[in-house]
Amino acid sequence: MKFAIIKERKNPPDRRVVFSPSKLEEAKNRFPEAVFKVEASDIRVFPDDAYEKSGFEVSEDVSDCDVLIGVKEVPIKALIPNKKYFFFSHTIKKQPYNRSLLKAVLEKNIELYDHETIVNEKGFRLIGFGRYAGIVGAYNGFRAWGLKYKSWQLPKAGPLPNQQALIRELNQIEVPNIKILLTGSGKVSNGAQEMLDAMHIKSVSVDAYLNERFNEPVYCKIDVLDYNKRKEGKEVNDVFDFFNHPEAYESNFMRFARVTDYYVAGHFYGDGAPYLYTRADVKSPDFNIKVVADISCDVDGPVATTLRASTIADPIYGYNPETEKEVDYKNEKAITVMAVDNLPCELPQDASEGFGEQFLEHVIPAFFNNDKDGVLQRAKMTENGLLTERFSYLQNYVDGLA
């Protein structure tokens, strides 16, 4: 089996890669029967010569490989027919802008494995960049606070080499006695929590957060049953009741919004779930949040202040609660919003190392153990020019009917 690490061709350029040179060496040592080849790239965070020094062939031509592994969508003109591909296709939610890509994949008889579809038998994702989104998102939120209130000048995350460099910068600022709220329980929120803990910001309980005053900055991490409640008032302790019956719940987030200064949104939002807060909520005099780092970045959705995704180049904007419009974030009426939707791109080295570790653990072995855990079978979206049964719901989307 011959694997290729392909060049990223999407704009704006993405410097991440699935395997760093050291992680690719580890893969080769674990699976000596595998051949790994690297497509030449002038943007990758690890230069070509780093792979060559690790003993890998670097070439402009990878058409002799069986499995081609990338990060972002591969442009249609760059797709090689009759190959197996791994990349984020951004098609499984029927994203209109990539319908032609999925059509081309089928027409070119490509076996597509989307990184998002690599899940265990319970449907939980096995690989992703979520942790790094949380790490950079929390940092960017503090940077936004400093710019809003002219209290500190943190550099942009992108030019800094790794997470430790971000932490060093954060530990040089003096955070006032603010209350910081973090939503979520997965990799994204855990990544953000790593940063808060590295700053030695005190973690407090829901009850203390809501009812007590502190002489230092504190944070509280909450999950769905903290900020949602059953409409009929029934006490619930089982999160699966919420996941299975989101329509039976209403938001209980405003009790947190009353006392929160800086909000880090690291949750997953499912269809049918209540919005955390609405535009009407933000108009309330009880709404105290001043800075929002919306890592989840569901535009015009459950975090009502997120009007659009921002960019790495221009990551911050303001939301005016009265007009419900975007304004300069320095405007005195503005809630400051950081809503970059590709945050891991700002930490390409760490993100690549972490992603490669997961890919090596969960995906590469499946090619050499007859896919005994069903990882490849579950992840395979297309085969022999057709959608697989698991992804047959995309047929109308491919046909332009949905």
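The values are calculated or read from the model by the stated rules, or taken from the named source; none is laboratory data. What you see is a predicted model; the values in this text were computed from it and never measured. As a convention, Cβ positions derive from the backbone with ideal geometry for all residues, glycine included, and neighbour counts pool all protein chains shown.
Numerical summary
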{"item": "Those residues of segment 52-70 which are without any contact (Cβ under 8 Å) to a residue 40 or more places away in the chain and surrounded by 20 or more Cβ atoms within 10 Å (Cβ to Cβ), in sequence order", "result": "Phe56"}
{"item": "First in segment 376-391 and assigned by TED's automatic domain parsing to the domain that holds Tyr85, second anywhere and of a type in the set (Lys, Arg) and assigned to a strand (DSSP E or B), Cβ under 7 Å, 6 or more apart", "result": "Thr388/Lys380"}
{"item": "Some residue of segment 305-314 being polar (S, T, N, Q), touching a helix residue (DSSP H, G or I) at 6+ places or on another chain (Cβ under 9 Å) and crowded, with 21+ Cβ neighbours inside 10 Å", "result": "yes"}
{"item": "Qualifying residue in segment 16-26 (condition: among the hydrophobic types (A, V, I, L, M, F, W, C), farther than 22 Å from Asn369 by Cα and either out of contact with any Cys (no Cβ under 9 Å at 6 or more places or on another chain) or crowded, with 23+ Cβ neighbours inside 10 Å (or both))", "result": "yes"}
{"item": "Some residue of segment 147-167 being β-branched (Val, Ile, Thr) and buried (at least 23 other Cβ atoms within 10 Å of the Cβ)", "result": "no"}
{"item": "Residue list for segment 1-26, restricted to those being in a loop (DSSP other than H, G, I, E, B), closer than 20 Å to Leu360 by Cα and either basic (Lys, Arg) or touching a Pro at 6+ places or on another chain (Cβ under 9 Å) (or both)", "result": "Lys7, Arg15, Arg16, Val17"}
{"item": "Leading residue by the ranking (modelled with the lowest pLDDT) among those in segment 105-141 that are out of contact with any Phe, Trp or Tyr (no Cβ under 8 Å at 6 or more places or on another chain) and aromatic (Phe, Trp, Tyr)", "result": "Phe124"}
{"item": "Matching entry among Ala309, Ala248 (being in the same structural domain as Lys325 (by TED's automatic domain parsing), farther than 26 Å from Pro12 by Cα and either touching a Cys at 6+ places or on another chain (Cβ under 6 Å) or of a type in the set (A, V, I, L, M) (or both))", "result": "Ala248"}
{"item": "Some residue of segment 27-37 being part of a loop (DSSP other than H, G, I, E, B) and closer than 17 Å to Ala78 by Cα", "result": "no"}
{"item": "Residue satisfying all of: in segment 118-147; closer than 12 Å to Ile295 by Cβ and of a type in the set (Phe, Trp, Tyr); farthest from the chain's Cα centre (by Cα) among these", "result": "Tyr139"}
{"item": "Checklist (1) assigned to a helix (DSSP H, G or I); (2) among the polar types (S, T, N, Q); (3) crowded, with 17+ Cβ neighbours inside 10 Å applied to Ser100, failing item", "result": "(3)"}
{"item": "Cβ pairs under 7 Å, 6+ apart, first in segment 177-191 and assigned to a loop (DSSP other than H, G, I, E, B), second crowded, with 22+ Cβ neighbours inside 10 Å and not basic (Lys, Arg)", "result": "Ile178/Tyr262; Gly184/Gly266; Gly184/His267; Gly186/Gly130"}
{"item": "Selection count where residues are in a helix (DSSP H, G or I), buried (at least 16 other Cβ atoms within 10 Å of the Cβ) and charged (D, E, K, R), scope segment 106-129", "result": "1"}
{"item": "Residues of segment 27-50 satisfying the condition of being under 17 Å from Val67 (Cβ atoms) and either hydrophobic (A, V, I, L, M, F, W, C) or surrounded by 14 or more Cβ atoms within 10 Å (Cβ to Cβ) (or both)", "result": "Ala27, Lys28, Phe31, Ala34, Val35, Phe36, Lys37, Val38, Glu39"}
{"item": "Residues that are among the charged types (D, E, K, R), part of a strand (DSSP E or B) and surrounded by 14 or more Cβ atoms within 10 Å (Cβ to Cβ), drawn from segment 225-274", "result": "Lys229, Arg230"}
{"item": "Only one of Ile178, Ile222 that is crowded, with 18+ Cβ neighbours inside 10 Å, aliphatic (A, V, I, L, M) and not assigned by TED's automatic domain parsing to the domain that holds Ile43", "result": "Ile222"}
{"item": "Residue tally, condition crowded, with 21+ Cβ neighbours inside 10 Å, at pLDDT 95 or above, in a loop (DSSP other than H, G, I, E, B) and not β-branched (Val, Ile, Thr), over segment 275-301", "result": "1"}
{"item": "Test: residue in segment 3-20 that is free of Cβ contacts under 8 Å to residues at least 60 places away in the same chain, among the basic types (Lys, Arg), within 29 Å of Asn396 (Cβ to Cβ) and not assigned by TED's automatic domain parsing to the domain that holds Asn162", "result": "no"}
{"item": "Residues within segment 315-330 that are surrounded by 14 or more Cβ atoms within 10 Å (Cβ to Cβ) and part of a loop (DSSP other than H, G, I, E, B), tallied", "result": "4"}
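Here's the yes/no breakdown for (1) exposed (fewer than 15 other Cβ atoms within 10 Å of the Cβ); (2) over 22 Å from Thr91 (Cα atoms):
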residue	(1), (2)
Met338	no, yes
Leu343	no, no
Asn369	yes, yes
Leu376	no, no
Lys380	no, no
